[in-house]
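The values are calculated or read from the model by the stated rules, or taken from the named source; none is laboratory data. Please read these numbers as outputs of a predicted model, since none were measured by experiment. A quick note on method: Cβ atoms are made from the backbone with ideal geometry, for glycine too, and the neighbour counts reach across all protein chains shown.
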Amino acid sequence: MSADTAPETTDTTSAKPLIRFENVTKRFGENTVLDNLCFSVQPGKHVTLIGPSGSGKTTILRLLMTLASPDEGTIEVNGRHLYPAQEKERREARKQIGMVFQQFNLFPNMTALRNITEAPVRVLGLSRDEAEARAKELLEMVGLGDRCDAKPTQLSGGQQQRVAIARALAMRPQVLLLDEVTSALDPELVAGVLDVLRDIAHSTDITMLCVTHEMNFARDISDEVLMFDAGRVIESGSPEKIFSDPEQERTREFLSAVL
Amino acid sequence: MNWDWSAIADFMPRFWDGVLITLQILVLGSLISFTLGLVWAIGFRAPTRFIRWPVHAVTEFIRTTPLLVQLFFLYFVLPEWGVQFSALTTGTIAIGLHYSTYTAQVYRAGIDAVPVGQWEAATALSLPAHRTWIAVILPQAIRRITPALGNYVIAMLKDTPLLAAIGVLEMLQQARLESAQTFQYTEPLTLIGIAFILIAYPASLLVRALERRLVR
């Protein structure tokens, strides 16, 4: 993983990156959210994006999920173009990516189980039985094996978020995007969700891109931390290095404000 | 003023014919307006303006011209171009079409009220557009708007007498024909007034019951 805007460029592994941003610029009106951004993520790595709000972290996840499109630049996932690309190509590339949202975004008209099986049945073409068996395993894994038939409104925020994680994983994505997944939770529910994610990080080889304000969690699961400011990566490195001995003054300021 | 019960008895056969026609217009007109309204509403959100623009133009045109004018146009002008239906068919289509432009706005409001996160989750799961609509968006939208749609059914019921203008034998027209023969206006007109209440009131109760069930 490398970030060419960062002062030091570490770890230029020869393996092909799974995610590649090249000269990506994203503007909202006058505001440049991502500024000629280049970075890449190797397969299986867990990368945490930190930085003040408005620094472009969430935008990166949204671009990868095709919820927004860049104004300039190239984004590739597993050798397939996400941007620029034809709609069909983009759809194919997108199937390799799953996302968990800050607000869970479960479908309130479906049970927990149905939330998880809908896409595997309709998109991957699994039979309903297969999809349900797999969904039950996933619900078991996130500690909700007994809540298959619950509607989202009958679940706590933490439970909803765990269902949402299971739903994303059911599509067997290569990349999991986590967008401030605990920010909307009551404090006592945060740990349960983070435990599940820790488990996934340690027991699978899924690539994770994580935007979070939970610095302890970031330290725990990350292989690499990217510090963003004003649409650029200003510093990157191992969590040990970034959290204990950052080089940039801006990183130090940010960390002392949030830790 | 003398109330003559025998006039009511004499009116009964015609009255029932009228009730059946009115109900038929109401049911079929509602189905047309619900279906077509949904088509318009999805058209409002089409990815290309080559669909959006004409849909807006057509629905605005229909919504801002009077139903009576549309009835006359469909019944008297279209046959000149070789398109001819019975008065009942024409009237039912006209009222359904007219009200579809109102239900379209209701659907639109319901669809707009579905949080954007729902669309995003559907995208994140790569759900195809038709599944996103059918499985995710519409069930949530329609829950919210069922009461509003129900109100348009009642409004439509009250507009069915307009079809008398092109000779459809709904309740009002039957009452007029009866009165023209017997010169007794009070009894038939009173009876159909009551009949409108008897149809509309249960319908509004049903709407309220649906509202309690669906909107929480």
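Worth pointing out:
- Within segment A:74-94, being surrounded by fewer than 19 Cβ atoms within 10 Å (Cβ to Cβ) and within 8 Å of chain B (Cβ to nearest Cβ) holds for one residue alone: A:R91.
- Extreme residue, surrounded by the fewest Cβ atoms within 10 Å (Cβ to Cβ), among residues of segment A:34-45 that are touching a residue at least 40 places away in the same chain (Cβ under 8 Å) and within 18 Å of the chain's Cα centre (by Cα): A:G44
- For segment B:156-163, the criterion of a residue being within 19 Å of the chain's Cα centre (by Cα), away from chain A (no Cβ under 14 Å), surrounded by fewer than 16 Cβ atoms within 10 Å (Cβ to Cβ) and not small (G, A, S) is satisfied by at least one position.
- Yes/no for A:E89 being more than 25 Å from B:G117 (Cβ to Cβ), modelled with pLDDT under 95 and part of a helix (DSSP H, G or I): yes
- Segment A:46-73, residues that are at positive phi and crowded, with 20+ Cβ neighbours inside 10 Å: A:G51, A:G56, A:T66
- Identity of the residue in segment A:95-111, closer than 20 Å to B:I134 by Cβ and surrounded by 22 or more Cβ atoms within 10 Å (Cβ to Cβ), that ends up nearest to the other protein chains (Cβ to nearest Cβ): A:N105
- From the list A:R198, A:R122, the lone residue that is assigned to a helix (DSSP H, G or I), within 21 Å of the chain's Cα centre (by Cα) and basic (K, R) is A:R198.
- For segment A:164-187, a residue qualifies if it is over 15 Å from A:T204 (Cα atoms) and outside any helix (DSSP H, G or I), and the qualifying residues are A:L178, A:D179, A:E180, A:V181, A:T182, A:S183, A:A184, A:L185, A:D186.
- Single match in B:G150, B:G167, B:G110 (criterion: of a type in the set (G, A, S) and more than 24 Å from B:H56 (Cα to Cα)): B:G167
- Considered as a group, the residues in segment A:115-128 that are at the interface with chain B (Cβ under 9 Å from one of its Cβ atoms) and among the charged types (D, E, K, R) include one that is nearest to B:V136 (Cα to Cα), and that residue is A:E118.
- Meets criteria (surrounded by fewer than 20 Cβ atoms within 10 Å (Cβ to Cβ), touching a residue at least 12 places away in the same chain (Cβ under 8 Å) and at negative phi) for A:L138: no
- Sole exception among (1) touching a Leu at 6+ places or on another chain (Cβ under 9 Å); (2) among the polar types (S, T, N, Q); (3) within 14 Å of another protein chain (Cβ to nearest Cβ) for B:Q140, by number: (1)
- Within segment B:107-125, considering residues that are within 9 Å of chain A (Cβ to nearest Cβ) and not in a helix (DSSP H, G or I), the one farthest from the chain's Cα centre (by Cα): B:L125
- Residue within segment B:172-179 that is without any contact (Cβ under 8 Å) to a residue 12 or more places away in the chain, over 30 Å from A:P120 (Cα atoms), more than 10 Å from chain A (Cβ to nearest Cβ) and assigned to a helix (DSSP H, G or I) present: yes
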